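Here's the structure, in structure tokens; my notes come after.
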Amino acid sequence: MRDTLALVTTFLLASLLAPPAALLAQAKKEPKKPNILYIMSDDHAAHAIGAYGGRLAALNPTPTIDRLAREGMLFENVFAGNAICVPSRATILTGQYAHVHGVVDLGGGIVPSEQHLAIEMKKAGYETAMIGKWHLKHEPAAFDHYCVLPGQGKYHDPEFQVRGPKGWPRDLVTFEGKHSTDVITDLSLEWLFAERDPEKPFFLMHHYKAPHDYFEHAARYDDWLADTEIPQPVSLLSEHRSRSGSIATLGYEGELIPHIGTSIGKRNPRRSYAVDLPGLFPQDFPPRYDPAALSEAEIQRLSYNAYLRKYLRCIKGIDDNLARLFARLEEAGLMDETVIIYTADQGFMLGEHDYQDKRWAYEESMRMPFLIRHPGSIPAGTRSDAIVENVDFAPTLLDIAGAEIPASMQGKSFRSICATGAEPEGWKEEAYYRYWMHMAHHDNPGHLAIRTKTHKLIYFYGCNYEGGYQTPPGWELYDLESDPGEEVNLYDDPASAPLVVELKERLADLRTRVGDTGEHFPKAEAVVREFWDYDGTDRARAIEISAEFLRLREAELLDAAKAGEKAAKGAAK
């Protein structure tokens, strides 16, 4: 009897102490994966975000984005490998440099089978969505859900391509009377809270068109900053141009200053905000605006202010919409369960050196903002100066998701830097840059560069894919610690000679490591190699090329003027 009682007691105790089968199954489950919200704007320069502390921070344009810096980590040295929309987006999606994925200019795209970031996220159990600006030509079919702008898309009354029965790209939805920034937020909210499977973690690429030029903001921001004088960069003023740049950007004796890089003021006769903006946005210029009655400095000031007001109003629209998005995430209890990233596809020139647009290897263009928030895994209020490239984004996102990182990806995950702030052993010490679209759209010569934490070496080889339409080759070296505005080119400073040799060697080695061997465009590569040493013979030839290009550009402008006169006469008949 006692033995039986002992057996029953032992059985009951074992039953009470043993967890239920459901609890055992739960214990065996993997930890819950975080949601991932990847927010990217078009052309939002880091120095137009308050948290980066630039000259515009006092205007308080980005309080919501700044929150990510206060509650997460801000990266100071994140760079685009090719500062133009389509190549950068392709790099982010594939984890490859432009010369590897093949999208080196605005004409390229990524087919669904190579949309690796979305493919691997889906394999890892994520429900995926792409909403907003896509700009990669082919259908974003690797995503479970998409609703994207066709091409550049429109700011007002935007149309969106959606997955539907008519197939890509014929299914279109139009939002009349709406602004694209508002609609993109609405579409993401609808997917997040009405359409997706709540049992799965989500990966959402939420991409704004703004603030891409020509900066058509929502009407509710018309009066914001209307009476504010926008702080100017020192290098906007023409007297600073003679110290910066090289024969590649100035010409031998300054003769190419009007022709290299589109401008804020009237410097560039082909394209400038001084000419373009008054016709597009007359309300942002004084009544009866008459450039003929104003000095060049005053025209430049007025154009700069009109440009920056429009640009910042677009950013204000983004920031306000993110406040709306974050509020909904908090209401649903998802804010702290979601890794939130804010970035841009590259930077943007905000008047520095009297340049507009991006494309340059200069800091304002090459640098990307990157802020990341996830309480518990990323310390709040931290910063990192680690060198990071946009080729590293996809591996990092996949690492956060616990997904497989394909061997085809050239980038490396910086998840551990996000978590600790410390760079792992062997982390990269330089970023690689190459711009291929020689003298297209914004008159930027073809160039490549290496960027370390302290210096930048830029090589303007100056030719198109076939080695033609040459501009003078030249080199530029900047000490970013003493000259963060890149105003003093040190390449020909005798004291910098050892550093020039070192950085050229590192640049050559970096080109080999990233696979930019020149085989893609051998005629362009021949020009790259021809002027690499930049000896006396090379310099003499550069002077000749400068004169040749000036004659060619002046002839082009004359032909364009004649064609314009002919068109005007025809229209008058």
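Mind listing just one residue for me: the one in segment 195-221 that is in contact with a helix residue (DSSP H, G or I) (Cβ under 9 Å, 6 or more places away or on another chain) and aliphatic (A, V, I, L, M) and, of those, surrounded by the fewest Cβ atoms within 10 Å (Cβ to Cβ)?
The qualifying residue surrounded by the fewest Cβ atoms within 10 Å (Cβ to Cβ) is Ala218.
Given the residues Ala327, Ala361, Ala323, which is the only one that is touching a residue at least 40 places away in the same chain (Cβ under 8 Å), closer than 30 Å to Lys32 by Cα and of a type in the set (Gly, Ala, Ser)?
Unique residue meeting the criteria: Ala323.
Being of a type in the set (Ser, Thr, Tyr) and either closer than 14 Å to Gln232 by Cβ or assigned to a helix (DSSP H, G or I) (or both) is the filter here, so list the residues in segment 295-327 that pass it.
The answer is Ser303, Tyr304, Tyr307, Tyr311.
Enumerate the helices (runs of 4 or more DSSP H) found wholly within segment 26-106, keeping only those where 2 or more residues are among the charged types (D, E, K, R).
Ranges flagged: 63-71.
Count, please, the residues in segment 182-204 that happen to be out of contact with any Pro (no Cβ under 9 Å at 6 or more places or on another chain) and either of a type in the set (Phe, Trp, Tyr) or touching a residue at least 24 places away in the same chain (Cβ under 8 Å) (or both).
15
Take the residues in segment 38-75 that are surrounded by fewer than 22 Cβ atoms within 10 Å (Cβ to Cβ) and in contact with a strand residue (DSSP E or B) (Cβ under 6 Å, 6 or more places away or on another chain), then tell me which one is farthest from Glu364 (Cα to Cα).
Glu71
At least 2 residues that are modelled with pLDDT of 95 or more, among the aromatic types (Phe, Trp, Tyr) and surrounded by 12 or more Cβ atoms within 10 Å (Cβ to Cβ) in each: list the helices (runs of 4 or more DSSP H) lying fully within segment 488-573 that qualify.
none
Quick one: which residue in Leu192, Leu187 is surrounded by 14 or more Cβ atoms within 10 Å (Cβ to Cβ), over 23 Å from the mean Cα position of the chain (by Cα), modelled with pLDDT of 95 or more and not in a strand (DSSP E or B)?
Leu192
Of all residues in segment 107-135, count the ones that are surrounded by fewer than 19 Cβ atoms within 10 Å (Cβ to Cβ), in contact (Cβ under 8 Å) with a residue 40 or more places away in the chain and in a loop (DSSP other than H, G, I, E, B).
Of the residues in segment 107-135, 2 are surrounded by fewer than 19 Cβ atoms within 10 Å (Cβ to Cβ), in contact (Cβ under 8 Å) with a residue 40 or more places away in the chain and in a loop (DSSP other than H, G, I, E, B).
Kindly provide the set of residues from segment 330-358 that are in contact (Cβ under 8 Å) with a residue 60 or more places away in the chain and outside any loop (DSSP other than H, G, I, E, B), ordered by number.
Glu337, Thr338, Val339, Ile340, Ile341, Tyr342, Thr343, Ala344, Glu352, His353, Asp354
The values are calculated or read from the model by the stated rules, or taken from the named source; none is laboratory data. Since this is a predicted model, take the numbers as computed values, not measurements. Positions of Cβ are backbone-derived with ideal geometry, glycine not excepted, and every protein chain shown enters the neighbour counts.
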